[in-house]
1. Would you mind working out the magnitude of the charge dipole of region 52-116 relative to its Cα centre, with +1 at each Lys and Arg C-beta and -1 at each Asp and Glu C-beta, to the nearest 20 Debye?
2. Once phi is turned into ³J(HN,Hα) by the Karplus curve 6.51 cos²θ - 1.76 cosθ + 1.60 with θ = phi - 60°, what whole-Hz value does each residue of region 12-20 show in order, with x for glycine and proline?
3. Skipping prolines and chain starts, which residues have an amide H placed within reach, meaning under 5 Å, of the one on residue 53, given they are 5 or more residues away or on another chain?
4. I need the phi-derived Karplus couplings for region 86-91: 6.51 cos²θ - 1.76 cosθ + 1.60, θ = phi - 60°, integer Hz, Gly and Pro marked x.
5. In Å and whole numbers, how far do the C-alpha atoms of region 1-106 stretch along each principal axis, longest first?
6. Using a Cα-Cα cut-off of under 29 Å, which lysines could be cross-linked to residue 3, ignoring same-chain neighbours fewer than 8 residues away?
7. HN-Hα J couplings of region 94-99 from phi, Karplus 6.51/-1.76/1.60, θ = phi - 60°, integer Hz, Gly and Pro as x?
Amino acid sequence: FYKAPTLATALNLIFGLPVPATPRTDLIQLFLKYPGQPLNGTNCGDPCSELLRLDVTVPPTAPDNQKRLGGLATPPDPAGFPNGRRPNDDVTDIATRVVGGPAFIDNRVGDGVNFLENAPGSGTPQVTANGIAKIFPYLPNPHDGRNRRHIDCGEPDANPCN
């Protein structure tokens with residue numbers, strides 16, 4: 001997968017942007033190795049494993065300053081994905097851009113959705129403007145799936161039907 005990701009081919013077909021040539025040693029280095037560990041040519045070598053890595057020398061980012069794109073953000077947030085995983089890290093957009101390569105990063109490909117932006121309580125002392133809770137629990141309560149009723153268009157407080 002890492003040397004010739006099918007996601008890159010699919011992204012190229014969908015968006016028409018160029019993707020880096022295979023073998024993708026950049027992805028091997030990013031996802032299968034710790035910083036500074038050498039590759040064995042175009043192979044991973046030893047040790048090689050798919051793990052969630054956490055560089056504890058990187059200080060945590062305060063909730064008010066966390067960026068959903070981690071290291072791809074401007075300015076970069078080195079405490080974000082792929083250095084660990086926080087609830088607000090947009091792993092889908094990060095992976096799409098990294099696998100797609102520079103053209104996808106430069107064109108900001110992805111949905112750009114910050115799922116907690118404007119969440120209930122945003123901007124209060126307990127929740128940042130981008131929806132990150134400062135105290136435990138860090139995520140909002142899920143919707144009640146058992147006692148929840150779908151609101152159809154045309155009903156009060158519903159979206160328009162067209």
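1. On the way: 7 positive and 8 negative charges, 20 e Å.
Charge dipole, region 52-116, about its Cα centre: 100 debye, nearest 20.
2. Here the 3J(HN,Hα) series is 4, 5, 6, 9, x, 9, x, 10, x Hz.
3. Sorted by chain and number, the residues that satisfy this are 84.
4. 10, x, 9, 5, 8, 4
5. Here the Cα extents, ordered largest to smallest, are 38, 35, 19 Å.
6. Residue 3 reaches 33, 67.
7. Whole-Hz 3J(HN,Hα) from phi for region 94-99: 4, 5, 4, 6, 5, 5.
Only the coordinates and a few stated rules stand behind these numbers; no lab work does. Please read these numbers as outputs of a predicted model, since none were measured by experiment. Virtual Cβ from ideal backbone geometry, glycine too; neighbours counted across all protein chains shown.
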